[in-house]
Every structure is written in C-alpha cells, then in structure tokens.
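The values are calculated or read from the model by the stated rules, or taken from the named source; none is laboratory data. Values in this document were obtained by computation on a predicted structure and should not be read as measured data. Here Cβ is always computed from backbone atoms with ideal geometry, including for glycine, and neighbour counts include all displayed protein chains. Please note that ligands, DNA and RNA were not included when accessible areas were found on the heavy atoms of the full protein model with its side chains. Shrake-Rupley method; radii C 1.70, N 1.55, O 1.52, S 1.80 Å.
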Amino acid sequence: MFVELLEKLRCPNEHEPSPLIATASRTVNRHIIEGALGCPVCHAEFALHDGALELGGPSTVPAPQPDALSHERMIRLAALLGLDERGGLYVLDGISSRFAAGFVELSPNSRFVALASAPDVEGASAVIIGHGEGIPLAAGCARGIALDHATPALMRSAVQALAPHGRLVAPANADVPDGIAELARDEELWVGERDAMPAVFGIRRAPR
C-alpha cells in the first residue's frame, strides 16, 4: 500500500465517509507491507498484509479467457480509460488489474488501485482484497475505473469515486448508472464518462 494513497481511502462500512488511520509495523520504500487501518467513526479495523488491504468481503475473480490478457486488449482498455501522460488515479477490477504493470509503462505518473483476490498484483500502488459491493475511495478521486463485473451497488460506488469527466468501463450486459453518459459500446464492453458529452472511440457508438 503506497502511503500517499492512504488519504484517498474511506471506511467501507455504512456511515458518513471517513478516512482511515494507518498503523504500520513494516514499510518498504514508502509502501506499507504489514499493519492495519482503523476507522475513527465505527472503530472497524482492517489488516494490511503483504502490502494488501483486506476488507473481509467477497473477492472472487473469474479465470481469464485465453485472449483476456493480450497486449491488444491492454492497449484498448488504456484508451477507453483515457490513460495518458497527465497521470491520475485509476481503479482496476479483477482481471483488468493484471494490466497494471503495463499501464505504468504507458503512464508513469498514474497510480493504480487493484481490486483483487490476492496481493501479488505487479504495478499496483494499492491492492484491495474483499471490496464487496463498494469501492472504498474518497468521492471524486479517480480518473478512471474498469469493472469486470457490475452490480447496482458497485456501479453507484464507482460513480461516486469518479472525478468529473472520469471514465467508467463496464461489461456490456451492465446497465449504465445515473450520472454516467455512455460514449460507446461493443459486444463486450461499454465506456461512459461522468458528466460528459459523447466522444469518438474505436468501437461503435451507442444507439440513440
């Protein structure tokens, strides 16, 4: 867990948004490897183990298809997320998190939060295990979020975490949530932007 991301984290429990307070027992190069994060509101405590924040919720990640981790797919997802030299904070869910190392090469000024089932996500500045139905980040802090699965609660949480004009990429069978303008879709994915007008991409536009 990169220490500079601690201020972006929020308690996942249902109460007013609250930053988490870190206690570190082992750090390496500004990353907390072992420790805990505590909530001053509900007094919940979450372990930091092997550099990953363990929230205790479900964290099932489907096995990738043979072409799911191809270079072509990585470049396509980077384009949909709007990844560029300006940098920013991006959230990568499940299989998409495996592109974190490649994304760092494309955008060295960006930071990537992986929603994963294990701590060993190369290139991620923070790994969150067991995020359940929410994304435990401060409102408006993410430039882009890629979801491999989508429930209504998770989508609402993603919209809240996105900055204005931030990008949301989700499976084609997921409903576009309130607050997101759909830009384009194909048989696999759609991409939308928070509070934005449609733009041109390499996949066909959504029907009007």
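Within region 71-208, what whole-number % of the accessible surface is contributed by carbon and sulfur, with the 1.4 Å probe and all protein chains included in the calculation?
Carbon-and-sulfur percentage of accessible area, whole number: 51.
Tell me, what is the per residue accessible area of the chain in Å², probe radius 1.4 Å?
Normalised by residue count, the accessible surface of the chain is 50 Å².
Sort by residue number and report every cysteine in the chain with no other cysteine beta carbon within a distance under 4.7 Å.
For the chain, the answer is Cys42, Cys141, because their Cβ atoms have no other cysteine Cβ under 4.7 Å.
How much accessible area does His49 have with a 1.4 Å probe, in Å² rounded to the nearest 10?
80
With a 1.4 Å probe and all protein chains in place, put His149, His131, His71 in order of accessible area, largest first.
His71, His149, His131
Convert 37 °C to kelvin, take the viscosity as 0.692 mPa s, use the Kirkwood radius over C-alpha pairs of region 93-143 as Rh, and evaluate the Stokes-Einstein diffusion coefficient in µm²/s, rounded to a whole number.
Translational D for this selection: 288 µm²/s.
Quick one: length gained pulling Cys42 to Ser18 fully straight, 0.36 nm per residue minus the C-alpha distance?
7.7 nm
Taking a quarter of the surface of the convex hull around the Cα atoms of the chain, what do you get in nm²?
Average of the hull's projected areas for the chain equals 11.1 nm².
Just to be sure I understand the model, the point goes 7 Å from the Cα along the line to the Cβ. What's the resulting Val176 to Ser117 distance in nm?
Calculated label separation equals 3.1 nm.
Taking square-rooted eigenvalues a ≥ b ≥ c of the alpha carbon gyration tensor, is region 1-117 rounded, prolate or oblate, where a/c under 1.5 means rounded and, failing that, a/b exceeding b/c means prolate?
Prolate shape, in that a/c is at least 1.5 and a/b is the bigger ratio.
Rounded to the nearest 10 degrees, what's the angle between the helix 71-81 long axis and the longest principal axis of the chain, both from Cα atoms, 0 to 90?
Value to nearest ten degrees: 90.
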